[in-house]
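Mind looking over this structure? Questions follow.
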């Protein structure tokens, strides 16, 4: 069986982001036969439709990483009840120009970490709405909303909360199954 390549997208620019730590934990919890490469959104300029036909190099590289992946794992913080602007900006860039979206048909999963008690629930629901518009199939269960993140991660950034680790592992297993099904469907119709 082909190795499943997952692209983990950190939805925060913060150096010690809990969402970055959550993706690092996901790298430890992957099912056999899969790999998770992380991408950060530093260097991606603010989207300007005037530039979509001559995309900046950072955007072209980001789109190539998406296209090379079999599945996407988003880790989003919650800012003002929604996704971080940096994540939405990157999503917009990779969906352009019209008809050339790198996202179309990519299986995806969503998780997020927050110091608050909601665990990025509202941001994840907004992100899921965006993914519908991008024609991405998403893992519905489990929902991995890491609340009170300061208590779930150690001082070194390692995810120490065992129930949360199990939820992340289940999310990854389900995402890999979705990616395998998606690839099988492409091979049958392609």
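Since every read-out is calculated from the coordinates, none of them should be taken as a lab result. What you see is a predicted model, and the numbers here were worked out from it, not measured in a lab. Counting neighbours? That spans all protein chains shown, and the Cβs are built from the backbone with ideal geometry, glycine included.
What nm value, rounded to one decimal, do you get for the distance between residue 64 and residue 125 when each label is placed 7 Å out toward the C-beta?
4.0
Taking the Cβ of each residue in 15, 63 as the centre, tally the other Cβ atoms inside 10 Å and list the residues starting with the fewest. Kindly include the intermediate steps, with their values, before the conclusion.
Details: 15 6, 63 20.
Ranked by crowding around the Cβ, least crowded first: 15, 63.
Under a 10 Å cutoff between Cα atoms, tell me which one of 142, 163, 107 has the largest fluctuation in the Gaussian network model of the chain.
Maximum among the listed residues: 163.
Would you mind getting me the FRET efficiency between residue 2 and residue 133? Use the beta-carbon distance for r and R0 = 45 Å, nearest 0.05. Intermediate values should be presented prior to the final figure.
On the way: r = 29 Å, r/R0 = 0.63.
E between residue 2 and residue 133, to the nearest 0.05, is 0.95.
Same structure again: Can you give the relative contact order of the chain as a percent, counting alpha carbon pairs under 8 Å and 6+ residues apart? Walk me through the numbers on the way to the answer.
On the way: 350 pairs, mean separation 47.1, N = 190.
Relative contact order comes out at 25 percent.
Taking other Cβ within 10 Å of each residue's Cβ, how do 132, 10 sort, fewest first?
132, 10
Still on this structure, I have one more. Suppose R0 equals 25 Å. What FRET efficiency, 1/(1 + (r/R0)^6) with r the Cβ-Cβ distance, do residue 15 and residue 118 give to the nearest 0.05?
0.60
Between residue 170 and residue 28, how many nm apart are label points set 7 Å from Cα along the C-beta direction?
2.0
Taking a spot 7 Å from the Cα of residue 151 along the direction of its beta carbon, which residues of the range 108-130 have an amide N less than 14 Å from it?
Only 114-119 pass the distance filter.
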